[in-house]
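The values are calculated or read from the model by the stated rules, or taken from the named source; none is laboratory data. Keep in mind that this is a model prediction, so the values were computed, not measured. Cβ placement follows ideal geometry from the backbone for every residue including glycine, while neighbour counts extend to all protein chains displayed.
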Amino acid sequence: MAAINQSFGHARRGLPLRMPSAEPNWWVLGALALLGASAMLPVLQNSAATSSGFQIQSAQAEQVKINGDIRLLESEVAQLTSLARIQRRAGEIGLGPGDNPYFVNVDQPGPAPAKIPSEYLPAPAPTRSEPEPWWRSLFSRVPLP
């Protein structure tokens, strides 16, 4: 027990009990921040890719639904425009085929600009203009009296 009460003297050459300077090491903190950011980058990229995938799937599902609605409307239009249905409906409201058709002859020409869609009109003839010679562009830059 006598050894417990003895002083150590110069035997304390290990770590000091308190740090000599309380300043943080900025290089170590910067390296830790860089390491943390580089570890989070794949997580953020994976999260962005996953959310984009969900958005694409929902857009594709909506597109499939809209295409189905379009097909239903097309079938309904085809059913409503069938000749048999139109003849049956005309008979229900009292319409029938005409007995004596009237024919009208028109001797006057139509209006000057054609009143038909442009895709049915002939294409205008292309006008071919020749380019200006190079020497004329030089003379146009020179001020002449």
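For residue 138, the conditions (1) part of a helix (DSSP H, G or I); (2) modelled with pLDDT under 75 all hold with the exception of (2). Checking the structure you have, find out if any residue of segment 101-114 is in a loop (DSSP other than H, G, I, E, B), at pLDDT below 85 and surrounded by 10 or more Cβ atoms within 10 Å (Cβ to Cβ). Yes, that holds for at least one residue. Taking the criterion of being touching a Gly at 6+ places or on another chain (Cβ under 9 Å) and small (Gly, Ala, Ser), would at least one residue in segment 92-102 satisfy it? No, the conditions are met nowhere in segment 92-102.
For (1) at pLDDT below 95; (2) part of a helix (DSSP H, G or I); (3) surrounded by fewer than 10 Cβ atoms within 10 Å (Cβ to Cβ), each residue gets a yes or a no:
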site	(1), (2), (3)
37	yes, yes, no
42	yes, yes, yes
47	yes, yes, no
52	yes, yes, no
60	no, yes, no
78	yes, yes, yes
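Would you be able to say whether some residue in segment 126-136 is exposed (fewer than 10 other Cβ atoms within 10 Å of the Cβ) and of a type in the set (Val, Ile, Thr)? Yes, there is a match, as at least one residue in segment 126-136 is exposed (fewer than 10 other Cβ atoms within 10 Å of the Cβ) and of a type in the set (Val, Ile, Thr).
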